[in-house]
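Below you'll find the structure, written out as structure tokens, and then a few comments.
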Amino acid sequence: MGDMIKGNDAIAEAAVRAGVQLYAGYPITPSTEVMEYLSWRMPELGRTFIQAESELAGINMVLGFAFCGKRALTASSGPGISLKQEGISYISKYRLPCVVLNVVRYGNGLGSLRSGQSDYFRDTRGGGNGDYRCIVLAPSSVQESVDLMYLAFDLAERYRIVTEVMSESALGQMMEPCEFPPMQELTVQDWALDGKYTHERRVAFMENYVTTAHENNARYEEIKEKEQRYEAVGLEDAEYVFVSYGIPGRVTHGVVNELRARGEKVGLIRPITLWPFPEKAFEQVNPNVKGFITVELNDYGQMVDDVALSVKKKLRTDIPVYCLPYVFEMVKRKDVFRDFEKIRQGQWKEVY
Amino acid sequence: MSEVVVSESRCKSCGFCVKNCPKGAISLAHSFNSAGYKYAVVDSEKCIVCGICYTVCPDGVFEIRE
């Protein structure tokens, strides 16, 4: 069992262990500690740390670094990630790898400082212009944050895709014991630009868009086939299956454990990849399931749409899909117990 | 002789310890730790080593030593 460490510090150290060579970003609560940690840790190892003049500058520095074939990271929250969307679209255009850390905070505009899951739509659909996908990884503990950050760089390079780690305010601020993976060697990708035109010049407007579209599609299908990750509890005999990620997923896991201990037939799917959405988990669900219930920390449910699509794809279209949105800050077990009862009594309207 | 030891660098000034100390023995310092927070300070004259601060602290700031 490792030492106690704060979520943001842990995730920053995990990026260091994964061989990140550049951090370029701008502070914003609740992600600032990631930057503060890297501000001394990167120079200590002879790597590059830049406090950019804005989030937009930060993502463009990551773009430049990614062209050089080296691992780069930027971190932000809410409105800061919104500022990065154009850069993410550009990075996706050139099929470059990088990791973006979103320590999610609830709310539109400036938002709040508390935990929320209000960025699900934007981060899984992509908030920048054009057709692209990003892998989105959602940890629910400090240890999982470390494991997923370490993995994020590998996935980004393997598929040449922007990979987002979706942490949240509470997870960034809390302390838990944690083990770290070993320090990796620093790498340079063999397709990297080196300023000497060693590789083919790439300029906008010069490619065959139809060919690229097919290639990208094939790449995304491969990711969907191979990289879905989730945690499943009690699906084989479940009458109701909860679907929840992040810390709300962890709370819901506790609810499911307690209900099962009372003899209730409930299950849980805790998505770990939000894109690709873990459709395969739905293949394991009891065919006589009576309903799916998402437990989310936003206003009116966002992941519920993806659950409905997966239920249609893998099961049947007549199974109701409910949503329990607890807006922001924290999901409370007593609320989930109370509202689950209402669903069972037919007092809660399904979304789908 | 038991005592409470504070790990100043971990403290983020949340104030849970100040609010929950039954003897009012904890206050926040006037100076800052390396992260910029006014860390918790225990007045050992008033402290009865009940361990409530250790229990409520979210960041493992307190240690009870024999």
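Annotations for the structure displayed:
- Unique match (being of a type in the set (Lys, Arg), open to solvent by 10 Å² or more (accessible area, probe 1.4 Å) and farther than 16 Å from A:Gly80 by Cα) among A:Arg133, A:Arg122: A:Arg133
- For region A:321-339, the set of residues classified as open to solvent by 20 Å² or more (accessible area, probe 1.4 Å) and either in contact with a Ser or Thr (Cβ under 8 Å, 6 or more places away or on another chain) or within 13 Å of A:Gly116 (Cβ to Cβ) (or both) consists of A:Tyr322, A:Pro325, A:Tyr326, A:Val327, A:Phe328, A:Glu329, A:Met330, listed by residue number.
- Within region A:166-275, strands (runs of 3 or more DSSP E) holding 2 or more residues that are among the hydrophobic types (A, V, I, L, M, F, W, C): A:230-233, A:240-243, A:266-271, A:273-275
- Tallying residues that are outside any loop (DSSP other than H, G, I, E, B) and more than 9 Å from A:Val103 (Cβ to Cβ) within region A:7-22 yields 9.
- Residue in region A:91-114 that is surrounded by 19 or more Cβ atoms within 10 Å (Cβ to Cβ), within 15 Å of A:Pro271 (Cβ to Cβ) and among the charged types (D, E, K, R) present: no
- Some residue of region B:35-56 being part of a strand (DSSP E or B) and within 14 Å of another protein chain (Cβ to nearest Cβ): no
Residue by residue, here is whether (1) farther than 28 Å from A:Lys226 by Cα; (2) among the small types (Gly, Ala, Ser) holds:
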position: A:Met61; (1), (2): yes, no
position: A:Ala75; (1), (2): no, yes
position: A:Lys84; (1), (2): no, no
position: A:Val104; (1), (2): no, no
position: A:Tyr120; (1), (2): no, no
position: A:Arg133; (1), (2): no, no
position: A:Leu137; (1), (2): no, no
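Here is a yes/no grid of residues against (1) not in a loop (DSSP other than H, G, I, E, B); (2) not small (Gly, Ala, Ser):
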site: A:Ile5; (1), (2): yes, yes
site: A:Ala24; (1), (2): yes, no
site: A:Thr29; (1), (2): no, yes
site: A:Gly80; (1), (2): yes, no
site: A:Ile91; (1), (2): yes, yes
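- Looking across A:Glu86, A:Glu53, one residue alone is within 27 Å of A:Arg160 (Cβ to Cβ) and away from every other protein chain (no Cβ under 14 Å). It is A:Glu86.
- When A:Pro182, A:Pro139 are checked against the criterion of being at pLDDT 95 or above and either open to solvent by 50 Å² or more (accessible area, probe 1.4 Å) or within 14 Å of chain B (Cβ to nearest Cβ) (or both), a single residue qualifies: A:Pro182.
One line per residue, one yes/no per condition, for (1) open to solvent by 20 Å² or more (accessible area, probe 1.4 Å); (2) at pLDDT below 95; (3) in a loop (DSSP other than H, G, I, E, B):
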residue: A:Lys280; (1), (2), (3): yes, no, no
residue: A:Glu283; (1), (2), (3): yes, no, no
residue: A:Val295; (1), (2), (3): no, no, no
residue: A:Asp305; (1), (2), (3): yes, no, no
residue: A:Val311; (1), (2), (3): no, no, no
residue: A:Ile319; (1), (2), (3): no, no, yes
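- Per-region count, region A:150-176, residues within 14 Å of another protein chain (Cβ to nearest Cβ) and basic (Lys, Arg): 0
- Test: residue in region A:343-350 that is within 22 Å of A:Ser140 (Cα to Cα) and buried (at least 18 other Cβ atoms within 10 Å of the Cβ): no
- If you go through region A:12-31 and keep only what is touching a helix residue (DSSP H, G or I) at 6+ places or on another chain (Cβ under 6 Å) and within 15 Å of A:Ile81 (Cβ to Cβ), you end up with A:Ala24, A:Gly25, A:Tyr26, A:Pro27, A:Ile28, A:Pro30.
- Of all residues in region B:57-66 being open to solvent by 50 Å² or more (accessible area, probe 1.4 Å) and either within 14 Å of another protein chain (Cβ to nearest Cβ) or within 10 Å of the chain's Cα centre (by Cα) (or both), the one that is nearest to A:Tyr37 (Cα to Cα): B:Pro58
- Scope region A:1-32; condition touching a Gly at 6+ places or on another chain (Cβ under 8 Å), open to solvent by 30 Å² or more (accessible area, probe 1.4 Å) and within 13 Å of chain B (Cβ to nearest Cβ); matching residues: A:Met4
- From B:Ser27, B:Ser44, residue being small (Gly, Ala, Ser) and modelled with pLDDT under 95: B:Ser44
- Subset of region B:7-50 (residues that are in contact (Cβ under 8 Å) with a residue 40 or more places away in the chain and exposed (fewer than 15 other Cβ atoms within 10 Å of the Cβ)): B:Ser44
- Look at (1) modelled with pLDDT of 85 or more; (2) surrounded by 15 or more Cβ atoms within 10 Å (Cβ to Cβ) and you find that A:Tyr209 fails only one, number (2).
- Screening A:Leu315 with (1) open to solvent by less than 10 Å² (accessible area, probe 1.4 Å); (2) touching a Phe, Trp or Tyr at 6+ places or on another chain (Cβ under 7 Å) gives one miss only, at (1).
This table checks each residue for (1) part of a helix (DSSP H, G or I); (2) open to solvent by 30 Å² or more (accessible area, probe 1.4 Å).
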{"position": "A:Met35", "(1), (2)": "yes, no"}
{"position": "A:Pro43", "(1), (2)": "yes, yes"}
{"position": "A:Phe65", "(1), (2)": "yes, yes"}
{"position": "A:Gly69", "(1), (2)": "no, no"}
{"position": "A:Thr74", "(1), (2)": "no, no"}
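The values are calculated or read from the model by the stated rules, or taken from the named source; none is laboratory data. Remember, predicted model here, so these are calculated numbers, not experimental data. Neighbour counts run over all protein chains shown; Cβ positions are idealised from the backbone, glycine included. Surface areas here come from the heavy atoms of the whole protein model, side chains and all, with no ligands, DNA or RNA. Shrake-Rupley method; radii C 1.70, N 1.55, O 1.52, S 1.80 Å.
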